[in-house]
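**Student:** Sharing a structure with you now.
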């Protein structure tokens, strides 16, 4: 799975700070979907890319199911070019509070908590996150 050089869709504008692309953004990018170009600037700027370990888990599982282990390993390797952040006790507690407050699924709550802890902007096409502060949302096409 090589990064695609010609991305479709409107490119998102990269922020000056840290960026976090959630699992659905990574899957869109890896599949060269209609919104891949939106996520490309954040994903390809690896010096400012934060990658929650939970996103690696979700992406690896989905790619494994759809394309096999070799493709899943390649996806995980690409994701690890950014700064990988593990779930610790502090983020776990913050995630639980955020999930309760915003009525978010577990993985989304972890992503929001990690982004807030690292002052990162979340890039997504997940409608569950579209109204959350600090999120750059693009509608899934």
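The values are calculated or read from the model by the stated rules, or taken from the named source; none is laboratory data. For clarity, every value in this text was computed on a predicted model and none was experimentally measured. With ideal geometry, Cβ positions are generated from the backbone for all residues, glycine too; neighbour counts draw on all protein chains shown.
**Student:** Would you check if residue 40 is under 21 Å from residue 70 (Cβ atoms) and either out of contact with any strand residue (DSSP E or B) (no Cβ under 6 Å at 6 or more places or on another chain) or modelled with pLDDT of 95 or more (or both)? So that I can check it myself, show each step before the final result.
**Tutor:** On the way: under 21 Å from residue 70 (Cβ atoms): no; either out of contact with any strand residue (DSSP E or B) (no Cβ under 6 Å at 6 or more places or on another chain) or modelled with pLDDT of 95 or more (or both): yes.
Against the criterion (under 21 Å from residue 70 (Cβ atoms) and either out of contact with any strand residue (DSSP E or B) (no Cβ under 6 Å at 6 or more places or on another chain) or modelled with pLDDT of 95 or more (or both)), residue 40 does not qualify.
**Student:** Just to be sure I understand, how many residues within segment 40-54 are part of a helix (DSSP H, G or I) and touching a residue at least 12 places away in the same chain (Cβ under 8 Å)? Spell out how you get there, then give the answer.
**Tutor:** If we filter segment 40-54 for residues that are part of a helix (DSSP H, G or I), which is where we start, we get 40-44, 46-48, 53-54.
Now restrict to residues that are touching a residue at least 12 places away in the same chain (Cβ under 8 Å): 40-44, 46, 48, 53-54.
Summing the residues that are part of a helix (DSSP H, G or I) and touching a residue at least 12 places away in the same chain (Cβ under 8 Å) in segment 40-54 gives 9.
**Student:** Before we move on, is residue 9 surrounded by 16 or more Cβ atoms within 10 Å (Cβ to Cβ), on the phi > 0 side of the Ramachandran plot and either at pLDDT below 95 or not in a loop (DSSP other than H, G, I, E, B) (or both)?
**Tutor:** Numbers: surrounded by 16 or more Cβ atoms within 10 Å (Cβ to Cβ): yes; on the phi > 0 side of the Ramachandran plot: yes; either at pLDDT below 95 or not in a loop (DSSP other than H, G, I, E, B) (or both): yes.
So residue 9 fits the description; yes.
**Student:** OK, next. Can you find a residue that is at pLDDT 95 or above, assigned to a loop (DSSP other than H, G, I, E, B) and under 19 Å from residue 107 (Cα atoms) anywhere in segment 17-34? Give the derivation first.
**Tutor:** Step one: list which residues in segment 17-34 are at pLDDT 95 or above, which gives 18-34.
Then drop every residue that is not assigned to a loop (DSSP other than H, G, I, E, B), which leaves 22, 31-34.
Filter once more, keeping what is under 19 Å from residue 107 (Cα atoms): 22.
Yes.
**Student:** Inside segment 55-141, counting only helices (runs of 4 or more DSSP H) that do not spill past its ends, which hold 3 or more residues that are surrounded by 14 or more Cβ atoms within 10 Å (Cβ to Cβ) and touching a strand residue (DSSP E or B) at 6+ places or on another chain (Cβ under 7 Å)?
**Tutor:** Numbers: elements: 69-79, 89-102, 106-117.
The helices (runs of 4 or more DSSP H) meeting that bar are 106-117.
**Student:** Could you please find all residues in segment 51-61 being closer than 22 Å to residue 140 by Cα and out of contact with any helix residue (DSSP H, G or I) (no Cβ under 6 Å at 6 or more places or on another chain)?
**Tutor:** In the first step, residues of segment 51-61 are kept if they are closer than 22 Å to residue 140 by Cα; the result is 51-52, 54-61.
Across segment 51-61, the qualifying residues are 57, 61.
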